[in-house]
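Here the structure is laid out as C-alpha coordinates; the discussion comes afterwards.
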Amino acid sequence: MHVTHLSLADFRSYARVEVPLDPGVTVFVGANGQGKTNLVEAVGYLATLGSHRVSSDAPLVRMGAERAVIRAAVTQGERSQLIELELNPGRANRARINRSSQVRPRDVLGIVRSVLFAPEDLALVKGDPGERRRFLDELITARSPRMAGVRSDYERVLKQRNTLLKSAAMARRHGGRSMDLSTLDVWDQHLGRVGAELLAQRLDLIAILQPLTDKAYGDVAPGGGPVALEYRSSVGADVGAARGREELYERLIAALADVRKQEIERGVTLVGPHRDDVLLGLRGMPAKGYASHGESWSYALALRLASYELLRGEGNEPVLVLDDVFAELDARRRERLAELVAPGEQVLVTAAVDDDVPGVLTGARYAVSAGAVERL
(Lines give C-alpha, C1' and ligand atoms only; values in the text may rest on other atoms or scores of the structure.)
Protein backbone atom coordinates (compact mmCIF):
# COMPACT_ATOMS: atom_id res chain seq x y z
CA MET A 1 0.00 0.00 0.00
CA HIS A 2 1.26 3.49 -0.78
CA VAL A 3 0.01 7.05 -1.11
CA THR A 4 0.28 8.34 -4.67
CA HIS A 5 -0.89 11.91 -4.09
CA LEU A 6 -1.33 14.11 -1.02
CA SER A 7 -3.42 17.28 -1.12
CA LEU A 8 -3.80 19.70 1.79
CA ALA A 9 -6.01 22.75 2.20
CA ASP A 10 -5.69 25.03 5.23
CA PHE A 11 -3.83 22.30 7.09
CA ARG A 12 -1.22 23.64 9.51
CA SER A 13 1.01 26.09 7.58
CA TYR A 14 -0.35 25.17 4.14
CA ALA A 15 -3.07 27.24 2.49
CA ARG A 16 -2.94 24.68 -0.30
CA VAL A 17 -0.34 22.18 -1.46
CA GLU A 18 -0.27 19.25 -3.88
CA VAL A 19 2.42 16.58 -3.48
CA PRO A 20 2.70 13.63 -5.88
CA LEU A 21 4.34 10.65 -4.19
CA ASP A 22 6.10 7.58 -5.53
CA PRO A 23 6.66 4.15 -4.00
CA GLY A 24 10.02 3.72 -2.31
CA VAL A 25 11.84 6.42 -0.39
CA THR A 26 10.81 10.08 -0.42
CA VAL A 27 12.81 12.63 1.57
CA PHE A 28 11.51 16.08 2.53
CA VAL A 29 14.40 18.44 3.30
CA GLY A 30 14.15 21.90 4.79
CA ALA A 31 15.05 24.05 7.77
CA ASN A 32 13.10 23.65 10.99
CA GLY A 33 9.70 25.31 11.00
CA GLN A 34 9.19 25.18 7.23
CA GLY A 35 6.44 22.54 7.16
CA LYS A 36 8.15 19.18 6.61
CA THR A 37 6.51 17.49 9.56
CA ASN A 38 3.12 18.93 8.62
CA LEU A 39 3.17 16.79 5.46
CA VAL A 40 3.85 13.48 7.19
CA GLU A 41 1.56 14.43 10.07
CA ALA A 42 -1.28 14.58 7.53
CA VAL A 43 -0.49 11.05 6.33
CA GLY A 44 -0.47 9.85 9.93
CA TYR A 45 -3.82 11.53 10.57
CA LEU A 46 -5.40 9.59 7.71
CA ALA A 47 -4.20 6.38 9.33
CA THR A 48 -5.17 7.10 12.95
CA LEU A 49 -7.63 10.04 12.93
CA GLY A 50 -5.24 11.81 15.25
CA SER A 51 -1.96 13.71 15.35
CA HIS A 52 1.25 12.48 16.92
CA ARG A 53 1.99 16.07 18.00
CA VAL A 54 -1.24 17.46 19.50
CA SER A 55 -4.29 15.97 21.20
CA SER A 56 -6.97 18.07 19.47
CA ASP A 57 -7.74 19.10 15.90
CA ALA A 58 -7.78 22.87 16.46
CA PRO A 59 -4.01 23.40 15.98
CA LEU A 60 -4.20 21.49 12.67
CA VAL A 61 -6.35 24.19 11.05
CA ARG A 62 -4.43 27.08 9.53
CA MET A 63 -4.82 30.31 11.46
CA GLY A 64 -7.79 32.26 10.13
CA ALA A 65 -9.40 29.27 8.42
CA GLU A 66 -12.57 27.51 9.58
CA ARG A 67 -11.62 24.00 8.53
CA ALA A 68 -8.80 21.93 7.10
CA VAL A 69 -8.93 19.26 4.41
CA ILE A 70 -6.63 16.28 3.94
CA ARG A 71 -7.06 14.38 0.69
CA ALA A 72 -5.04 11.43 -0.53
CA ALA A 73 -5.02 8.97 -3.40
CA VAL A 74 -4.06 5.52 -2.15
CA THR A 75 -3.07 2.42 -4.11
CA GLN A 76 -3.05 -1.15 -2.85
CA GLY A 77 -2.26 -3.73 -5.48
CA GLU A 78 -4.60 -3.08 -8.41
CA ARG A 79 -7.04 -1.03 -6.33
CA SER A 80 -6.98 2.75 -5.97
CA GLN A 81 -9.07 4.87 -3.61
CA LEU A 82 -9.49 8.57 -2.96
CA ILE A 83 -10.06 9.52 0.67
CA GLU A 84 -10.79 12.88 2.19
CA LEU A 85 -11.09 14.16 5.73
CA GLU A 86 -12.50 17.55 6.63
CA LEU A 87 -11.43 18.74 10.07
CA ASN A 88 -13.96 21.01 11.80
CA PRO A 89 -12.80 22.00 15.30
CA GLY A 90 -15.74 22.25 17.66
CA ARG A 91 -17.99 20.37 15.23
CA ALA A 92 -18.12 16.90 13.72
CA ASN A 93 -15.41 16.04 11.22
CA ARG A 94 -16.53 14.79 7.81
CA ALA A 95 -15.16 12.08 5.53
CA ARG A 96 -15.46 10.98 1.93
CA ILE A 97 -14.29 7.81 0.19
CA ASN A 98 -14.22 7.89 -3.61
CA ARG A 99 -16.27 11.12 -3.40
CA SER A 100 -19.09 9.48 -1.43
CA SER A 101 -20.17 11.58 1.55
CA GLN A 102 -22.16 8.80 3.21
CA VAL A 103 -19.31 7.66 5.44
CA ARG A 104 -18.14 8.34 8.97
CA PRO A 105 -14.55 9.43 9.67
CA ARG A 106 -13.85 6.07 11.31
CA ASP A 107 -14.79 4.33 8.02
CA VAL A 108 -11.53 5.71 6.62
CA LEU A 109 -9.49 3.68 9.10
CA GLY A 110 -7.64 0.81 7.47
CA ILE A 111 -7.36 2.37 4.01
CA VAL A 112 -4.09 4.06 4.93
CA ARG A 113 -1.90 2.25 7.42
CA SER A 114 1.23 3.94 8.67
CA VAL A 115 3.91 3.54 11.28
CA LEU A 116 5.40 6.85 12.33
CA PHE A 117 8.57 7.34 14.31
CA ALA A 118 9.24 10.86 15.59
CA PRO A 119 11.21 12.59 18.37
CA GLU A 120 8.02 12.53 20.46
CA ASP A 121 8.34 8.73 20.62
CA LEU A 122 10.97 9.00 23.31
CA ALA A 123 7.96 9.38 25.61
CA LEU A 124 7.09 5.74 24.92
CA VAL A 125 10.04 4.85 27.14
CA LYS A 126 10.42 7.87 29.40
CA GLY A 127 6.86 9.17 29.55
CA ASP A 128 3.77 8.35 31.57
CA PRO A 129 1.61 5.23 31.07
CA GLY A 130 -0.82 7.08 28.80
CA GLU A 131 1.82 7.21 26.08
CA ARG A 132 2.23 3.44 26.11
CA ARG A 133 -1.53 2.81 26.24
CA ARG A 134 -1.99 5.03 23.21
CA PHE A 135 0.75 3.17 21.36
CA LEU A 136 -0.98 -0.16 21.98
CA ASP A 137 -4.46 1.09 21.11
CA GLU A 138 -3.42 2.76 17.87
CA LEU A 139 -1.66 -0.41 16.76
CA ILE A 140 -4.70 -2.48 17.72
CA THR A 141 -6.90 -0.22 15.62
CA ALA A 142 -4.49 -0.39 12.70
CA ARG A 143 -4.78 -4.18 12.77
CA SER A 144 -8.55 -4.16 13.33
CA PRO A 145 -10.33 -0.88 12.46
CA ARG A 146 -13.51 -2.02 14.25
CA MET A 147 -11.61 -1.47 17.51
CA ALA A 148 -12.01 2.28 16.98
CA GLY A 149 -15.65 1.77 17.93
CA VAL A 150 -14.71 -0.28 20.99
CA ARG A 151 -12.27 2.40 22.14
CA SER A 152 -14.90 5.10 21.61
CA ASP A 153 -17.49 3.09 23.54
CA TYR A 154 -15.07 2.57 26.42
CA GLU A 155 -14.28 6.28 26.64
CA ARG A 156 -18.00 7.14 26.58
CA VAL A 157 -18.88 4.64 29.33
CA LEU A 158 -15.90 5.74 31.43
CA LYS A 159 -16.96 9.38 31.14
CA GLN A 160 -20.54 8.58 32.20
CA ARG A 161 -19.38 6.44 35.10
CA ASN A 162 -16.94 9.10 36.30
CA THR A 163 -19.68 11.72 36.16
CA LEU A 164 -21.87 9.59 38.42
CA LEU A 165 -19.01 8.92 40.83
CA LYS A 166 -18.05 12.60 40.96
CA SER A 167 -21.63 13.60 41.80
CA ALA A 168 -21.73 10.98 44.55
CA ALA A 169 -18.41 12.18 45.98
CA MET A 170 -19.52 15.82 46.01
CA ALA A 171 -22.82 14.96 47.69
CA ARG A 172 -20.97 13.04 50.37
CA ARG A 173 -18.44 15.80 51.02
CA HIS A 174 -21.13 18.44 51.37
CA GLY A 175 -23.20 16.40 53.79
CA GLY A 176 -26.07 15.85 51.43
CA ARG A 177 -28.23 12.79 51.23
CA SER A 178 -26.66 9.70 49.78
CA MET A 179 -27.32 9.33 46.07
CA ASP A 180 -29.08 6.37 44.56
CA LEU A 181 -26.18 4.45 43.00
CA SER A 182 -28.20 1.62 41.52
CA THR A 183 -27.33 2.85 38.04
CA LEU A 184 -23.66 2.37 38.90
CA ASP A 185 -24.18 -1.38 38.58
CA VAL A 186 -25.41 -0.85 35.01
CA TRP A 187 -22.34 1.21 34.12
CA ASP A 188 -20.16 -1.46 35.69
CA GLN A 189 -21.62 -4.00 33.28
CA HIS A 190 -21.00 -1.75 30.29
CA LEU A 191 -17.46 -0.92 31.41
CA GLY A 192 -16.76 -4.60 32.00
CA ARG A 193 -17.89 -5.67 28.53
CA VAL A 194 -16.02 -3.10 26.46
CA GLY A 195 -13.10 -3.09 28.87
CA ALA A 196 -12.70 -6.86 28.57
CA GLU A 197 -12.59 -6.60 24.78
CA LEU A 198 -9.96 -3.85 24.87
CA LEU A 199 -7.94 -5.68 27.51
CA ALA A 200 -8.01 -8.94 25.53
CA GLN A 201 -6.75 -7.16 22.43
CA ARG A 202 -3.91 -5.53 24.36
CA LEU A 203 -2.82 -8.81 25.93
CA ASP A 204 -2.83 -10.56 22.55
CA LEU A 205 -0.83 -7.72 21.04
CA ILE A 206 1.82 -7.76 23.77
CA ALA A 207 2.36 -11.51 23.24
CA ILE A 208 2.90 -10.96 19.51
CA LEU A 209 4.93 -7.77 19.87
CA GLN A 210 7.40 -9.08 22.47
CA PRO A 211 9.63 -11.21 20.18
CA LEU A 212 9.39 -8.68 17.35
CA THR A 213 10.56 -5.87 19.62
CA ASP A 214 13.42 -7.95 21.00
CA LYS A 215 14.59 -8.71 17.46
CA ALA A 216 14.22 -5.10 16.33
CA TYR A 217 16.26 -3.86 19.30
CA GLY A 218 18.99 -6.33 18.43
CA ASP A 219 18.95 -5.10 14.84
CA VAL A 220 19.27 -1.44 15.82
CA ALA A 221 21.67 -1.92 18.75
CA PRO A 222 23.41 -5.29 18.36
CA GLY A 223 24.27 -6.89 21.68
CA GLY A 224 22.31 -4.31 23.65
CA GLY A 225 19.33 -6.46 24.70
CA PRO A 226 17.41 -8.43 25.60
CA VAL A 227 14.18 -6.45 25.98
CA ALA A 228 10.91 -7.55 27.54
CA LEU A 229 7.34 -6.21 27.44
CA GLU A 230 5.09 -6.90 30.43
CA TYR A 231 1.49 -5.76 30.67
CA ARG A 232 0.63 -4.31 34.09
CA SER A 233 -3.11 -4.33 34.68
CA SER A 234 -5.10 -2.55 37.37
CA VAL A 235 -7.34 -5.64 37.40
CA GLY A 236 -4.60 -7.86 38.82
CA ALA A 237 -1.08 -9.11 38.32
CA ASP A 238 -2.17 -12.44 36.82
CA VAL A 239 -4.62 -11.02 34.29
CA GLY A 240 -2.64 -12.57 31.46
CA ALA A 241 -3.66 -16.01 32.73
CA ALA A 242 -7.35 -15.32 32.13
CA ARG A 243 -9.02 -17.69 29.68
CA GLY A 244 -10.91 -15.58 27.21
CA ARG A 245 -12.97 -12.42 27.29
CA GLU A 246 -15.67 -13.77 29.62
CA GLU A 247 -13.15 -14.38 32.38
CA LEU A 248 -11.62 -10.96 31.80
CA TYR A 249 -15.10 -9.47 32.13
CA GLU A 250 -15.68 -11.30 35.40
CA ARG A 251 -12.34 -10.12 36.75
CA LEU A 252 -13.10 -6.53 35.81
CA ILE A 253 -16.49 -6.66 37.53
CA ALA A 254 -14.91 -8.17 40.65
CA ALA A 255 -12.15 -5.56 40.70
CA LEU A 256 -14.70 -2.74 40.37
CA ALA A 257 -16.65 -4.17 43.30
CA ASP A 258 -13.48 -4.31 45.41
CA VAL A 259 -12.71 -0.61 44.95
CA ARG A 260 -16.23 0.83 44.89
CA LYS A 261 -15.91 2.49 48.30
CA GLN A 262 -12.66 4.21 47.30
CA GLU A 263 -14.16 5.24 43.95
CA ILE A 264 -17.15 6.89 45.65
CA GLU A 265 -14.80 8.71 48.03
CA ARG A 266 -12.54 9.94 45.22
CA GLY A 267 -15.13 10.39 42.48
CA VAL A 268 -13.22 8.55 39.78
CA THR A 269 -12.97 5.08 38.21
CA LEU A 270 -9.90 3.35 39.65
CA VAL A 271 -9.93 0.08 37.69
CA GLY A 272 -9.89 -0.66 33.98
CA PRO A 273 -7.72 -0.49 30.86
CA HIS A 274 -7.44 3.30 31.26
CA ARG A 275 -5.31 2.69 34.39
CA ASP A 276 -2.98 0.06 32.91
CA ASP A 277 0.65 0.27 31.80
CA VAL A 278 3.33 -1.67 29.94
CA LEU A 279 6.61 -2.31 31.73
CA LEU A 280 9.45 -2.04 29.24
CA GLY A 281 12.39 -4.11 30.43
CA LEU A 282 15.98 -3.91 29.25
CA ARG A 283 18.51 -6.48 30.40
CA GLY A 284 16.26 -7.40 33.33
CA MET A 285 15.75 -3.80 34.54
CA PRO A 286 12.99 -1.27 33.83
CA ALA A 287 14.02 0.82 30.83
CA LYS A 288 12.36 3.88 32.34
CA GLY A 289 14.87 5.33 34.77
CA TYR A 290 17.68 2.88 33.95
CA ALA A 291 18.21 3.09 30.19
CA SER A 292 20.61 5.69 28.83
CA HIS A 293 19.40 8.30 26.36
CA GLY A 294 20.76 6.28 23.45
CA GLU A 295 19.23 3.06 24.77
CA SER A 296 15.86 4.78 25.22
CA TRP A 297 15.99 5.98 21.61
CA SER A 298 16.82 2.48 20.45
CA TYR A 299 13.95 1.04 22.49
CA ALA A 300 11.42 3.50 21.08
CA LEU A 301 12.67 2.78 17.59
CA ALA A 302 12.44 -0.98 18.21
CA LEU A 303 8.79 -0.62 19.25
CA ARG A 304 7.98 1.18 16.01
CA LEU A 305 9.96 -1.24 13.86
CA ALA A 306 8.22 -4.15 15.56
CA SER A 307 4.87 -2.52 14.76
CA TYR A 308 5.95 -2.13 11.14
CA GLU A 309 6.97 -5.77 10.86
CA LEU A 310 3.72 -6.90 12.48
CA LEU A 311 1.53 -4.93 10.08
CA ARG A 312 3.64 -5.86 7.09
CA GLY A 313 3.41 -9.53 8.01
CA GLU A 314 -0.39 -9.30 7.97
CA GLY A 315 -0.48 -8.55 4.27
CA ASN A 316 -0.92 -4.78 3.94
CA GLU A 317 2.42 -3.07 4.23
CA PRO A 318 2.11 0.30 5.98
CA VAL A 319 3.70 3.58 5.00
CA LEU A 320 6.76 4.04 7.19
CA VAL A 321 7.34 7.62 8.32
CA LEU A 322 10.63 8.75 9.85
CA ASP A 323 10.11 12.31 11.06
CA ASP A 324 13.38 14.08 11.87
CA VAL A 325 14.76 10.85 13.29
CA PHE A 326 18.26 10.64 11.84
CA ALA A 327 19.44 13.84 13.52
CA GLU A 328 18.78 12.18 16.89
CA LEU A 329 20.83 9.04 16.17
CA ASP A 330 24.56 8.42 16.10
CA ALA A 331 26.20 7.36 12.83
CA ARG A 332 26.03 3.63 13.60
CA ARG A 333 22.34 3.66 14.44
CA ARG A 334 21.58 5.82 11.41
CA GLU A 335 23.13 3.31 9.06
CA ARG A 336 21.48 0.35 10.78
CA LEU A 337 18.05 1.99 10.62
CA ALA A 338 18.47 3.01 6.98
CA GLU A 339 19.42 -0.52 5.97
CA LEU A 340 16.38 -1.92 7.75
CA VAL A 341 13.80 0.43 6.20
CA ALA A 342 15.21 0.93 2.70
CA PRO A 343 13.28 -2.04 1.18
CA GLY A 344 9.91 -0.68 2.38
CA GLU A 345 7.13 -0.15 -0.15
CA GLN A 346 6.87 3.51 0.85
CA VAL A 347 9.15 5.34 3.27
CA LEU A 348 8.67 9.05 4.00
CA VAL A 349 11.60 10.82 5.65
CA THR A 350 11.97 14.38 6.92
CA ALA A 351 15.34 15.97 7.63
CA ALA A 352 16.64 19.46 8.25
CA VAL A 353 19.94 18.59 6.56
CA ASP A 354 20.17 16.27 3.58
CA ASP A 355 23.52 14.92 4.80
CA ASP A 356 21.74 13.45 7.85
CA VAL A 357 19.96 10.95 5.59
CA PRO A 358 22.13 7.87 4.87
CA GLY A 359 23.03 7.32 1.24
CA VAL A 360 21.24 3.97 1.07
CA LEU A 361 17.93 5.83 1.20
CA THR A 362 17.84 6.83 -2.44
CA GLY A 363 14.67 8.13 -4.05
CA ALA A 364 12.69 11.31 -4.55
CA ARG A 365 13.81 14.50 -2.83
CA TYR A 366 11.63 17.52 -2.04
CA ALA A 367 12.72 20.91 -0.76
CA VAL A 368 10.29 22.41 1.75
CA SER A 369 10.44 26.14 2.43
CA ALA A 370 7.84 28.64 3.63
CA GLY A 371 4.87 26.55 2.57
CA ALA A 372 6.29 25.59 -0.81
CA VAL A 373 7.14 21.97 -1.66
CA GLU A 374 9.34 21.56 -4.73
CA ARG A 375 10.77 18.38 -6.18
CA LEU A 376 14.54 18.46 -6.62
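Comparing Leu361, Leu199, Leu116 in a Gaussian network model of the chain, where Cα atoms under 10 Å apart are tied by springs, the biggest mean-square fluctuation is seen for Leu361.
Determine which aspartates and glutamates satisfy two conditions relative to Lys261: a Cα distance under 17 Å, and not lying fewer than 8 residues away in the same chain. Leaving aside aspartates and glutamates fewer than 8 places away in the same chain, those within reach of Lys261 are Asp180, Asp185, Asp188.
Across the stretch 101-113, rounded Karplus estimates of 3J(HN,Hα) from the backbone phi angles (6.51 cos²θ - 1.76 cosθ + 1.60, θ = phi - 60°) give 9, 8, 9, 8, x, 5, 5, 6, 4, x, 6, 9, 10 Hz, Gly and Pro being marked x. Return the FRET efficiency for the residue pair Glu335, Met170: r is the Cβ-Cβ distance, R0 is 35 Å, and the value is rounded to the nearest 0.05. Given R0 = 35 Å and the Cβ-Cβ separation, E is 0.05. Label sites at Arg245 and Arg53, each approximated as a point 7 angstrom past Cα along Cα to Cβ, lie 3.7 nm apart. When each of the peptides 187-197, 277-287 is scored by how many other beta carbons lie within 10 Å of its residues on average, the order from highest to lowest is 187-197, 277-287.
Of Gly284, Ala327, Leu305, which is farthest along the charge dipole of the stretch 281-376 in the positive direction, counting Lys and Arg as +1 and Asp and Glu as -1 at C-beta? The Cα lying farthest towards the positive end belongs to Gly284. Using a 1.4 Å probe over the heavy atoms of the protein chains, calculate the carbon and sulfur portion of the accessible area of the chain as a whole percent. Looking at the chain in its full context, I get 49 percent from C and S.
So what's Rg/Rh here for the stretch 177-288, counting alpha carbon atoms and using the Kirkwood radius for Rh?
Result for the stretch 177-288 is an Rg/Rh of 1.11.
Per residue, the convex hull spanned by the Cα atoms of the chain measures out at 158 cubic angstrom. Of the peptides 2-12, 233-243, the ranking by mean beta-carbon count within 10 Å, highest at the top, reads 2-12, 233-243. Between the helical axis of 331-341 and the longest alpha-carbon principal axis of the chain there is an angle of about 80 degrees. Among beta bridges identified by DSSP and lying wholly in the chain, the antiparallel ones come to about 65 percent. Computed on the chain, with alpha-carbon pairs under 8 angstrom and 6+ residues apart, the relative contact order is 26 percent. Its Cα centre serving as origin, the stretch 240-302 has a Cβ charge dipole (Lys and Arg +1, Asp and Glu -1) of approximately 80 debye.
Hydrodynamic radius of the stretch 250-376 by the Kirkwood approach over all distinct alpha-carbon pairs: 18.5 Å.
Here the Kirkwood formula, the inverse mean of 1/r across different C-alpha pairs, assigns the stretch 74-129 a hydrodynamic radius of 13.9 Å.
The residues of the chain expose on average 45 square angstrom of accessible surface per residue, using a 1.4 Å probe on protein heavy atoms.
The values are calculated or read from the model by the stated rules, or taken from the named source; none is laboratory data. Remember, predicted model here, so these are calculated numbers, not experimental data. Every residue, glycine among them, receives a Cβ derived from its backbone with ideal geometry; neighbour counts consider all protein chains shown. Surface areas here come from the heavy atoms of the whole protein model, side chains and all, with no ligands, DNA or RNA. Shrake-Rupley method; radii C 1.70, N 1.55, O 1.52, S 1.80 Å.
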